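One structure is given here, and the rest of the page talks about it.
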Amino acid sequence: MNLHNFLHFNDGCCPVCRKPLTLYLQWLDSVCFKAVKEMPYRFRLSPFKNFDDSNDYMELLDSVNRSEVKFCSNTIAEEAKRRQMYFFYLCNAEGFKDIGKDYEINIYKGCYWRSTPILEYKKHQIEPNWRLEAVNPDEDKLVNGDEIFSFKKPLEKEEKVYTLQLNYAEDKTNFMFYSVGEDQRSDKKFEPKIFDKTVPMLGHRPDFAPEHREKLLDRFDSWILIS
């Protein structure tokens, strides 16, 4: 997989609100690492969620031709080779919701999510001997595995919430919608009625530019009406 293309897909900015995105790396059923850019082409990945005390870290080196991960010790290098994983960008860190020792992502608060396909290290006979590749070979040329957008439309007496998921790995689009009234916002037991529809992948990527947001939400409303 070309990790460089993933890192630069939307120039590190959220397509919903245009704020900077933060990069994370999730080892499946294990540690979540948070990336901090130390230099224009270097990120430091440090344990962020689901970890015991540890000083281990990784460095993600990004170049035009390729991106690669360097390890601070043999211990973390060997552990990484045992793991399946994915990188993801999240717009708003308030989207993390801790559940015991684990977490889930609340996309309403998170605003925007974008992830790679599931990856793992595979051994080769030529340098570099270990390469980060998609677990599913059919997904190795994908730039993104998944993209999720959350849009809010505040009205006088209610808020409309739209969620759009572009699932590139499964070649499908999922759209969800619900509305919340003034009185319902303060009711912790309120469960909105959710409109949920899955269709094949859209033929054209929607225009997510903020200046065209009203037109996009009107398009979403028309999807709801004709469904």
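The values are calculated or read from the model by the stated rules, or taken from the named source; none is laboratory data. Quantities reported herein were computed from a predicted structural model and do not represent experimental measurements. In this analysis, Cβ positions are derived from the backbone assuming ideal geometry, glycine residues included, and neighbour counts consider all displayed protein chains.
Would you check if residue 222 is part of a strand (DSSP E or B) and small (Gly, Ala, Ser)? No.
For (1) exposed (fewer than 15 other Cβ atoms within 10 Å of the Cβ); (2) under 20 Å from the mean Cα position of the chain (by Cα), each residue gets a yes or a no:
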site: 4; (1), (2): no, yes
site: 41; (1), (2): yes, no
site: 60; (1), (2): no, yes
site: 76; (1), (2): no, no
site: 103; (1), (2): no, yes
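Quick grid of which residues meet (1) among the aromatic types (Phe, Trp, Tyr); (2) closer than 19 Å to residue 120 by Cα:
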{"site": "21", "(1), (2)": "no, no"}
{"site": "28", "(1), (2)": "no, yes"}
{"site": "32", "(1), (2)": "no, yes"}
{"site": "38", "(1), (2)": "no, no"}
{"site": "45", "(1), (2)": "no, yes"}
{"site": "48", "(1), (2)": "yes, no"}
{"site": "54", "(1), (2)": "no, no"}
{"site": "75", "(1), (2)": "no, yes"}
{"site": "79", "(1), (2)": "no, yes"}
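Does residue 159 count as part of a strand (DSSP E or B), acidic (Asp, Glu) and under 27 Å from residue 50 (Cα atoms)? No: the conditions fail for residue 159.
The residue that is surrounded by the fewest Cβ atoms within 10 Å (Cβ to Cβ), counting only those in region 62-74 that are of a type outside the set (S, T, N, Q) and farther than 21 Å from residue 29 by Cα, is 64.
Selection of region 192-219 for residues being more than 15 Å from residue 172 (Cβ to Cβ), among the basic types (Lys, Arg) and either touching an Asp or Glu at 6+ places or on another chain (Cβ under 8 Å) or not in a helix (DSSP H, G or I) (or both) yields 193, 215. Need the failing condition index for residue 93 against (1) free of Cβ contacts under 8 Å to residues at least 60 places away in the same chain; (2) of a type outside the set (Lys, Arg); (3) more than 29 Å from residue 138 (Cβ to Cβ), just the number. All conditions pass for residue 93, except number (1). Scanning region 151-176 for residues that are closer than 19 Å to residue 200 by Cβ and of a type in the set (A, V, I, L, M, F, W, C) yields 164, 166, 169, 175, 176. What residue, among those in region 170-193 that are modelled with pLDDT of 95 or more and of a type in the set (A, V, I, L, M, F, W, C), is surrounded by the most Cβ atoms within 10 Å (Cβ to Cβ)? Only one residue fits best here, namely 177.
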